[in-house]
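Remarks on the structure that follows.
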Amino acid sequence: MKSIIIFISIISFSNNLVFSQTSERKFVSINNKKIAYKTFGLENRKGNEPVVVFEAGLGSGGGGYGGLLSFVQKRFAGIVYDRNGIADSEIDTSLKTDADVMKRLHDLLTKLEIKPPYLLVGHSIGGPFIRLYASIYPNDVCGLFFIDPTDFMLTQGEDDRVKLNTLSKSGYRELFIKNYDYILKDTSISNGFRFEVEREKNESTPVFFKRYKSLSPLKDIPVTIMISYNKHIEDYEIEMNKNLNLGINLIPWWKELDYLRIDHYAEMIKNNQHSRLILLPLYSHGIHQQDPKIVADALIETYENCLSSTKNR
């Protein structure tokens, strides 16, 4: 859960990335629209072993995971892909909701004959996405791995208290929509990225993450959540706060929002065995890009927990 600054910086960085080995990139057509993807390790997969499925953040293609893959692709089978409209996947305007996007991921895995169980990895807004997938297809998912996920559980009451306690004019839920409006003013962005931003804005207007209000209970599967907090306040955040007249007291505002996000995700996994919340002070939003080794180690351990869980069923 980071501000407009984070969204823009991650987008501009990730859109310039490609899969680490372009010769291995493949394409498949679903609903007559091309989707770019890369798989690894499937030929060595045995029996009911999990497949790790990577879901990127807003406007990011699968190439954003390139640095992380170099640490893990010999340890398990996996797939990275570009959502429709992002990087080299064709736009598909029939995808109107997050549930549609997750159904498309399910269709992709089905068409490629990549059978469950899946360990889903989600960065930023990809975190809510994988939680939604686990609600729609609970029997397909053996584990979840969140990398600095967006806090889709933040209530209006909590947001109002943050504004009150920090003497700030804007709350996070309000800023979330302003993020999207700001991005949409950029005439240089691609039509596919524009459509993704418009879709995500609609998904939280007028109700914040409205399709996540009645998720089915999370099954007792291994879950790892990596959260960065107490991040440095950058000069461009101060400038954006001033230019958009947000009226945010940035240091205490982020501190309270960080605590809420930690509480929400801790509550989410309180009944899940072999699960953990990893807190990383002073890390950036792109934890897997800043320190791929620490993420890789945690992901491999989560995979091993998923493997043990599936064998014990």
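The values are calculated or read from the model by the stated rules, or taken from the named source; none is laboratory data. Every value quoted in this text rests on a predicted model; they were computed, and no experiment measured them. Cβ atoms come from the backbone with ideal geometry, glycine included; neighbour counts cover every protein chain shown. Ligands, DNA and RNA are stripped out before the accessible areas are found, and what is left, the full protein with its side chains, is counted by its heavy atoms. Shrake-Rupley method; radii C 1.70, N 1.55, O 1.52, S 1.80 Å.
Counting only helices (runs of 4 or more DSSP H) that sit wholly inside segment 108-197, those with at least 1 residues that are of a type in the set (Phe, Trp, Tyr) are 126-136, 172-184. Residue pairs whose Cβ atoms lie under 7 Å apart, separated by 6 or more positions or on different chains, with the first residue in segment 216-243 and within 30 Å of residue 273 (Cβ to Cβ) and open to solvent by 90 Å² or more (accessible area, probe 1.4 Å) and the second among the hydrophobic types (A, V, I, L, M, F, W, C) and modelled with pLDDT of 90 or more, are 230/282. When the residues of segment 283-313 are filtered to those that are out of contact with any Leu (no Cβ under 8 Å at 6 or more places or on another chain) and buried (at least 21 other Cβ atoms within 10 Å of the Cβ), the one that is nearest to residue 49 (Cα to Cα) is 305. Does segment 65-85 hold any residues that are over 20 Å from residue 307 (Cα atoms) and in a loop (DSSP other than H, G, I, E, B), and which are they? 82, 83, 84, 85, listed by residue number. Tell me, yes or no, whether segment 216-230 has at least one residue that is modelled with pLDDT under 95 and closer than 20 Å to residue 102 by Cβ. Checked against the condition, which is being modelled with pLDDT under 95 and closer than 20 Å to residue 102 by Cβ, segment 216-230 yields at least one hit.
Within segment 145-172, residues that are surrounded by fewer than 13 Cβ atoms within 10 Å (Cβ to Cβ) and among the polar types (S, T, N, Q) sit with their Cβ atoms under 8 Å from residues that are assigned to a loop (DSSP other than H, G, I, E, B) and at pLDDT 95 or above, at 6+ positions apart or across chains, in these pairs: 156/208.
For (1) touching a strand residue (DSSP E or B) at 6+ places or on another chain (Cβ under 7 Å); (2) at pLDDT below 95, each residue gets a yes or a no:
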{"site": "17", "(1), (2)": "no, yes"}
{"site": "21", "(1), (2)": "no, yes"}
{"site": "30", "(1), (2)": "no, no"}
{"site": "42", "(1), (2)": "yes, no"}
{"site": "63", "(1), (2)": "no, yes"}
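Output the number of residues of segment 277-293 satisfying the condition of being touching a residue at least 12 places away in the same chain (Cβ under 8 Å) and over 29 Å from residue 160 (Cα atoms). Step through it out loud before you land on a result.
So in segment 277-293, the residues touching a residue at least 12 places away in the same chain (Cβ under 8 Å) come out as 277-289, 292-293.
Pick out the ones that are also over 29 Å from residue 160 (Cα atoms) and you get 288-289, 292-293.
Here the count works out to 4.
Does residue 124 satisfy the condition of being surrounded by 24 or more Cβ atoms within 10 Å (Cβ to Cβ) and in contact (Cβ under 8 Å) with a residue 24 or more places away in the chain? Spelling it out, residue 124 is indeed surrounded by 24 or more Cβ atoms within 10 Å (Cβ to Cβ) and in contact (Cβ under 8 Å) with a residue 24 or more places away in the chain. Scanning segment 89-101 for residues that are assigned to a loop (DSSP other than H, G, I, E, B), crowded, with 19+ Cβ neighbours inside 10 Å and acidic (Asp, Glu) returns a single hit, 92.
Output the residues belonging to segment 255-276 that are open to solvent by less than 50 Å² (accessible area, probe 1.4 Å) and more than 24 Å from residue 157 (Cα to Cα). Outline the logic, then answer.
Residues of segment 255-276 that are open to solvent by less than 50 Å² (accessible area, probe 1.4 Å), as a first pass: 257-258, 260-262, 264-266, 268-269, 272, 275.
Matches in segment 255-276: 272, 275.
Here residue 206 fulfils each of the conditions (1) open to solvent by less than 10 Å² (accessible area, probe 1.4 Å); (2) farther than 30 Å from residue 298 by Cβ; (3) not basic (Lys, Arg) apart from (1).
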